[in-house]
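Step one of this worksheet: look at the structure below.
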Amino acid sequence: MPLWRREGFAEDAWVVLDDEAPTPGEGAIVVSLKRWLAERAALSSRTAPVGVALEAGADAQAHLAELAERPLVALAFAKFADGRSFSYARLLRDRHRFRGELRAIGDVLIDEIPLMLRCGFDSFDVTNAPTLHALKSGRLPGSPLHYQPSSAGDEVHEGTRPWLRVSTAEPTKGSS
């Protein structure tokens, strides 16, 4: 899948492994939470990086502190109406001080990307065709003014109203 970052499309150095796939000796890999929990000792002993993909669910939040030690956490967006991965991103960045790469996977929609960036996401594994088209065209919607603080560190306070923040990120074509 195409990997998108603020700077544009990029090569993906990470290989996503199925739960049944053999673990390669080299290279950065991403495993499911289920596999991570089952093979934690063996995976931790690898010299190459191991990231974890997390589906939103009842047991996911219990593992966020542990996952904050991984170099990459991929949070799944299964459907538009499920915002748990937004919450997990904020918890990882703000409460657990996660400094690794935070990746959005699944049905990533163009309207959600500006909000995902504010929650601290770094990269987006994009499968949605309209989202891909908009990103390739350089169109990223969003507002330069915000009332909630960002986990991405990309804002400054506006004037004497400490709750009003202004994005420092460069606007793109089509921004509102």
- Query: Which residues' amide hydrogens lie under 5 Å from the amide hydrogen of Asn128, considering only partners 5 or more residues apart or on another chain, with H built in the peptide plane?
  - Reply: Val108
- Item | Cβ-defined net charge surrounding His96, 14 Å radius [Lys, Arg +1; Asp, Glu -1] | +3
- So who's got an amide H within less than 5 Å of the one on Val16, skipping anything under 5 residues away but keeping other chains? H placed 1.01 Å off N, in plane. Val30
- Phi-derived 3J(HN,Hα) across the range 7-20 with the Karplus relation (6.51, -1.76, 1.60, θ = phi - 60°), rounded Hz, x for Gly and Pro, is 6, x, 6, 9, 6, 9, 7, 9, 10, 8, 9, 5, 4, 9
- Item | Packing-based ranking, highest mean first, of 98-104, 42-48 given that Cβ atoms within 10 Å are counted | 98-104, 42-48
- Sequence-distant residues sharing a close amide H with Ala53 (under 5 Å, placed H): Val31, Ser32, Leu33, Ala74
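Taken together, the values in this text are just the output of simple stated rules run on the coordinates, not laboratory data. Every value quoted in this text rests on a predicted model; they were computed, and no experiment measured them. Every residue, glycine as well, gets a Cβ built from its backbone with ideal geometry; the counts of neighbours run over all protein chains shown.
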